[in-house]
């Protein structure tokens, strides 16, 4: 039975990979087909490879009930695939197209299957959130709070919306994953088989291996650069993360730290000029400004974002005692490039295809094909039939987590859409903010985080900008700045728990605990969370002030961020005491605050903090700081 299960999993995985490669070259299928096929195959793979409990041995054959769950998944999800034309043309939740008893049964079973598979892959947290969303959808009409109460839906209407429309399980989140993210994961699997990961590690070490945590710093720049072109945070985590995360782990970074660094670096790619994500084009249209202005205005925020990441991992390297490799052991850059430089070309082809105007789907396909061809240049990297088969299987199996996550997120998004909770929350918090700009920013930011859960940046931005931008402009904020505020917060939804798909992806590639990775990611993103507020308070960060104002505002934020990150890390020249961390946090907050008097106080506190830290460091016989 074990051998049969392995063969079924292998066939399912290879079939899933071939399905997406076919769709990439010949054109994607109807949305219901494109999204249901990977869910079906992911359920089969999940039930036959992941046990229901840790107490059940992974080495033995799958229990009979796992076989039953895998087999039941076929007709339940296959119903959507086969009836895609009918589903595309029906009117949901109407008497003329009322659900049959079979469809109701299938909808209930699909919900249970997806949630159980998600529990096995991710644990309980996301499942609990999905169950809360389902409970609210069904019982929300009885809530005594007017702002939260909705008109009510029958059990059949709720299942109809979630199972038989493209607003629930088969919604935007799953569409993004099934359309092109899986292809990027497959591309990563092929690149890994060709030895790209080892080449990246050697190249990074040859450039910055002698510095503290040098490969992680190189990883930040590479992930940000590729993320700028792909325009997809999660896809970029799987693309560059296949190389950068092992590179960081190799020099000693904890898996959770490596996964968080990759997730944040990939997320920052969408604000990195000159090529920003797709949302930037929509932002330019909404703000009635040229796209080039959006790109130029993103220069300073991008520098602050990535500078904060660099500083965080630099302190992490000191804090954990990571050392760079000896210069004598550092590989020769020339030798590394001569031996494996050809492995850079698949990434260059991917970037070139995207710049040329190919869709991400087609670009990923050509990058995969080019990886196979270019691997034949050297015997050590050559991909034969066996390696290609293994890459297909590995890529599909690595996609299971993101596919099931997006399917489960569909229950949350669908619940928000059918009940109108998302827009109700946005409208309510705007009303509650009153005359306070800061309160309005906090409320709009929360709306972005809530509505952006599991969505791509474009969907989150459009949904929130409808109500968020007018609320901010009503307080005197420039429309361009208001749109940038919503844009930055929409990006943060990818790294903010509980539905943080970029963190999920980074943790999976790193083999780390998801919630530990999420916690570290939130700490690491302190500058990212401050940026939306800072661009409103200091428009000079978007190059909308005089040169003097731009320089002073940028300098204040940069210096303040250094102190805040040091306080969070608890490390400066050595491990900081709690009084020193509090002083550093207060100093950083004051320096960032857009008021000269408060900033002057912050500079004084910063001087005291530096003095105390320096005296304690020298009193213990520490080395002179460099």
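The values are calculated or read from the model by the stated rules, or taken from the named source; none is laboratory data. What you see is a predicted model; the values in this text were computed from it and never measured. Ideal geometry is used to build each Cβ from the backbone, glycine not excepted, and the neighbour counts take in all protein chains shown.
If you go through region 594-609 one residue at a time, how many are surrounded by fewer than 19 Cβ atoms within 10 Å (Cβ to Cβ), in a helix (DSSP H, G or I) and free of Cβ contacts under 8 Å to residues at least 24 places away in the same chain?
Of the residues in that region, 8 qualify.
I'd like to know if region 543-551 contains one or more residues that are in a helix (DSSP H, G or I), touching a helix residue (DSSP H, G or I) at 6+ places or on another chain (Cβ under 7 Å) and surrounded by fewer than 17 Cβ atoms within 10 Å (Cβ to Cβ).
yes
With respect to residue 85, determine if the residue is in a helix (DSSP H, G or I) and farther than 21 Å from residue 174 by Cα.
So residue 85 does not fit the description; no.
Every residue, every condition in (1) in a helix (DSSP H, G or I); (2) under 22 Å from residue 397 (Cβ atoms), yes or no:
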position: 57; (1), (2): no, yes
position: 60; (1), (2): no, yes
position: 102; (1), (2): yes, no
position: 125; (1), (2): yes, no
position: 137; (1), (2): yes, no
position: 140; (1), (2): yes, no
position: 151; (1), (2): no, no
position: 167; (1), (2): no, no
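Which of the residues spanning region 11-30 are part of a helix (DSSP H, G or I) and in contact with a helix residue (DSSP H, G or I) (Cβ under 6 Å, 6 or more places away or on another chain)?
12, 13, 14, 16, 17, 19, 20, 24, 25
Look through region 342-367, keep the residues that are closer than 20 Å to residue 243 by Cα and without any contact (Cβ under 8 Å) to a residue 24 or more places away in the chain, and return whichever of them is surrounded by the most Cβ atoms within 10 Å (Cβ to Cβ).
If we take residues in region 342-367 being closer than 20 Å to residue 243 by Cα and without any contact (Cβ under 8 Å) to a residue 24 or more places away in the chain, then 363 is surrounded by the most Cβ atoms within 10 Å (Cβ to Cβ).
Kindly indicate whether residue 574 is free of Cβ contacts under 8 Å to residues at least 60 places away in the same chain and touching a helix residue (DSSP H, G or I) at 6+ places or on another chain (Cβ under 6 Å).
yes
Where in region 189-291 are there helices (runs of 4 or more DSSP H), lying fully within it, with 1 or more residues that are over 13 Å from the mean Cα position of the chain (by Cα), at pLDDT below 70 and not assigned by TED's automatic domain parsing to the domain that holds residue 351?
Those helices (runs of 4 or more DSSP H) do not exist here; none qualify.
Applying the selection to region 581-593, what residues are free of Cβ contacts under 8 Å to residues at least 60 places away in the same chain and crowded, with 16+ Cβ neighbours inside 10 Å?
581, 583, 584, 585, 586, 587, 588, 589, 590, 591, 593
Within region 530-540, is even one residue more than 21 Å from residue 287 (Cα to Cα), modelled with pLDDT of 85 or more and not assigned by TED's automatic domain parsing to the domain that holds residue 131?
Checked against the condition, which is being more than 21 Å from residue 287 (Cα to Cα), modelled with pLDDT of 85 or more and not assigned by TED's automatic domain parsing to the domain that holds residue 131, region 530-540 yields at least one hit.
Could you please find all residues in region 374-387 being surrounded by fewer than 16 Cβ atoms within 10 Å (Cβ to Cβ) and in a helix (DSSP H, G or I)?
Selection gives 379, 380, 385, 386.
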